[in-house]
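Below is one structure, written out as C-alpha cells, with a few remarks after it.
The values are calculated or read from the model by the stated rules, or taken from the named source; none is laboratory data. Keep in mind that what you see is a predicted model, and the values were worked out from it rather than measured. The accessibility values were calculated without ligands, DNA or RNA, using every heavy atom of the protein model including side chains. Shrake-Rupley method; radii C 1.70, N 1.55, O 1.52, S 1.80 Å.
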Amino acid sequence: TVSGATVENAPADADSGLTYEEGTWTPTFAGDGSVGSSATVQRHTATYTKIGRQVTVSCYISWTDQGSYSGNTTITGLPFTCLSTLHGIYIAYMEEIDFTTSRQLIGYVSGSNVALFEAVDDGLPIALPISAFDDAANYFSFTATYQTV
C-alpha cells in the first residue's frame, strides 16, 4: 500500500501519451465539388476518444437528401486534424447506396474529412460521387483511428 505519494515533473501534454479525452462531434455529409445547400441530416451519433495524439472516431449518420452538393462524397467535421493524408477507415454499415458496380465502400481520413471510395479488384479505388446516394433514407457508419498533428 502506498500512501502520500506524489508524481513530480510528469509530462501531461498531448505528445506525452498521458492525456485522455472523450467527446462528441458533428459529422456533415457533403460533396467536394461546388458548394451547395446542406444535406438534410435526419440524425447522427458521433463520438471520439483521444489518447495522446491517437484519435478513434465513430460515426453513424443518416440523411434524406444530398442537397445541391456535387463532386465526390465527403464526411466533414472530424474533431481533430489528421497528421498525414489517406488513413484507411473501416466502414461498419451502409444502406441505400447505388454503386456503379457491386464493390465495397472504403474511406480515407485526410485533414478533418473522410473521403469515400469504391474499392476495385485491381488498381486505385474510385472516388464515390455524391450522386451515388439517392434522395431516400441513407444510412452510413464508420470507425477510424488516426494520429493528430
Checklist entry - Can you tell me which residues in the stretch 109-128 are open to solvent by 10 Å² or more (accessible area, probe 1.4 Å), part of a strand (DSSP E or B) and farther than 22 Å from Thr26 by Cα? => result Ile126, Ala127
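Would you kindly identify the strands (runs of 3 or more DSSP E) lying entirely within the stretch 1-104 that contain at least 2 residues that are modelled with pLDDT of 75 or more and open to solvent by less than 40 Å² (accessible area, probe 1.4 Å)? Walk me through how you get there before you give the answer.
Working: elements: 20-24, 28-31, 41-51, 54-63, 73-76, 87-95.
So the answer is 28-31, 41-51, 54-63, 73-76.
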